[in-house]
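Take a look at the structure below.
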Amino acid sequence: QQQVKQSPQSLIVQKGGISIINCAYENTAFDYFPWYQQFPGKGPALLIAIRPDVSEKKEGRFTISFNKSAKQFSLHIMDSQPGDSATYFCAASIDTTGNQFYFGTGTSLTVIP
Amino acid sequence: GAVVSQHPSWVICKSGTSVKIECRSLDFQATTMFWYRQFPKQSLMLMATSNEGSKATYEQGVEKDKFLINHASLTLSTLTVTSAHPEDSSFYICSARGPPGQGGGNTIYFGEGSWLTVV
């Protein structure tokens, strides 16, 4: 059973555009929601994370929007650049246990010049 | 930020042999480390949770006798693929729960991954 559902599977955006990736979860005990960026042949790197006590978190061009009632969260990449082309994974965990992260299936983002 | 180092980055071994992959937390102590397997263009599949000083906890369907995990110190966990076969060829990634950082106290940092090819 997929604990975290991610869409779309792939995304093509023009340079300067906005990339939006969505995730949904079922377990209301989740209280930590990170996004990871992975380049081919490399391990995932933490991009940005949010906790459910806030509805939005922004770091540079990256913004997480969080909707607790809908159990959804999304990553927005503003002014998308070719260097942003990578696979993005959302994840969820229960912070107090801290043991297991549940990952989405990943979104392959391609930013075309 | 916290750094997790994985070694080797890539390894080729003959079928039937064993290969060991190391995962080190370089600037922090990690009582818990995680081992993942990732097939091309797919998500990360958690294989096991490695706890310092105790036996690893394996996910359902993962053969503990084939994928031996040892977490002998607070900075090192190892994954040994025993009697490797071509179907074990994959990208193996470790991660460790680091000190409070971006996003709060439950930040997970990943290693760079290890490509295993069994011929």
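The values are calculated or read from the model by the stated rules, or taken from the named source; none is laboratory data. Predicted model only: the values in this text are computed from it and were never measured. Note that each Cβ is placed from the backbone with ideal geometry, even for glycine, and that neighbours are counted across all protein chains shown. For the accessible areas, the whole protein counts, side chains as well, though only heavy atoms, and no ligand, DNA or RNA atoms are used. Shrake-Rupley method; radii C 1.70, N 1.55, O 1.52, S 1.80 Å.
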Which Rg and Dmax, in Å, describe the Cα atoms of region A:1-59? 13.3, 37
If N is the residue count of region B:4-96, its Cα Rg over 2.2 N^0.38 Å rounds to 1.02
If the elastic network links every pair of Cα atoms under 10 Å, which of B:Ile21, B:Ile69, B:Ile12 fluctuates the most in the Gaussian network model of chain B? B:Ile12
Chains B and A: accessible area buried, summed over both chains, 1.4 Å probe, nearest 100 Å², reads 1900
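Can you tell me the FRET efficiency between A:Val54 and B:Glu63 if r is taken as the Cβ-Cβ distance and R0 is 45 Å, rounded to the nearest 0.05? Show your work: numbers first, answer last.
On the way: r = 42 Å, r/R0 = 0.93.
Once rounded, the FRET efficiency stands at 0.60.
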Partner aspartates and glutamates whose C-alpha sits under 12 Å from that of A:Lys5, ignoring same-chain residues fewer than 8 away, are A:Glu26
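Summing +1 for each Lys or Arg and -1 for each Asp or Glu, what net charge is found among the other residues whose Cβ lies under 15 Å from the Cβ of B:Gly61?
On the way: positive: B:Arg37, B:Lys64, B:Lys66; negative: B:Glu59, B:Glu63, B:Asp65, B:Glu87, B:Asp88.
For residues surrounding B:Gly61, the net value is -2.
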Determine Rg/Rh for chain A; Rg is computed over alpha-carbon atoms and Rh is the Kirkwood hydrodynamic estimate from the same atoms. 0.96
Leaving ligands, DNA and RNA out of it, report the carbon-plus-sulfur percent of the accessible area of region A:7-75 at a 1.4 Å probe. 49
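Using a probe radius of 1.4 Å on heavy atoms only, what accessible surface per residue do you get for region A:20-113? Whole Å² is fine. Each step should come with its number before you reach the end.
On the way: 3910 Å² over 94 residues.
Accessible surface, normalised per residue, equals 42 Å².
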Free-by-geometry Cys in chain B, Cβ-Cβ under 4.7 Å as pairing rule, reported as B:Cys13
Per residue of B:67-75, other chain Cβ atoms within 10 Å number on average 0
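Could you please state how large a percent of the accessible area of region B:24-119 is carbon and sulfur, counting protein chains only and using a 1.4 Å probe? It would help to have the intermediate numbers written out before the result.
Details: 2290 of 4350 Å².
Here carbon and sulfur together make up 53 percent of the probe-accessible area.
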Any of A:Lys71/B:Lys66; B:Lys14/B:Lys64; A:Lys57/B:Lys64; A:Lys71/B:Lys55 with alpha carbons more than 29 Å apart? Name them for me. A:Lys71/B:Lys66; A:Lys57/B:Lys64; A:Lys71/B:Lys55
In whole Å, what are the extents of the protein assembly as shown along the principal axes defined by its C-alpha atoms, from largest to smallest? 49, 39, 34
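With every protein chain present, what is the per residue accessible area of region B:8-119 (1.4 Å probe, Å²)?
On the way: 5330 Å² over 112 residues.
Here the residues of region B:8-119 average 48 Å² of exposed surface.
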Name the residue, out of A:Ala92, A:Ala45, A:Ala24, whose mean-square fluctuation peaks in a Gaussian network model built on chain A with Cα pairs under 10 Å. A:Ala45
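Using R₀ = 25 Å, calculate the FRET efficiency as 1/(1 + (r/R₀)^6) where r is the Cβ-Cβ separation of B:Thr31 and A:Gln72; round to 0.05. Before the final figure, lay out the partial values.
Values: r = 32 Å, r/R0 = 1.29.
Once the sixth-power term is evaluated, E becomes 0.15.
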What average count of beta carbons from other chains do you get within 10 Å of the Cβ of residues in A:21-34? 1
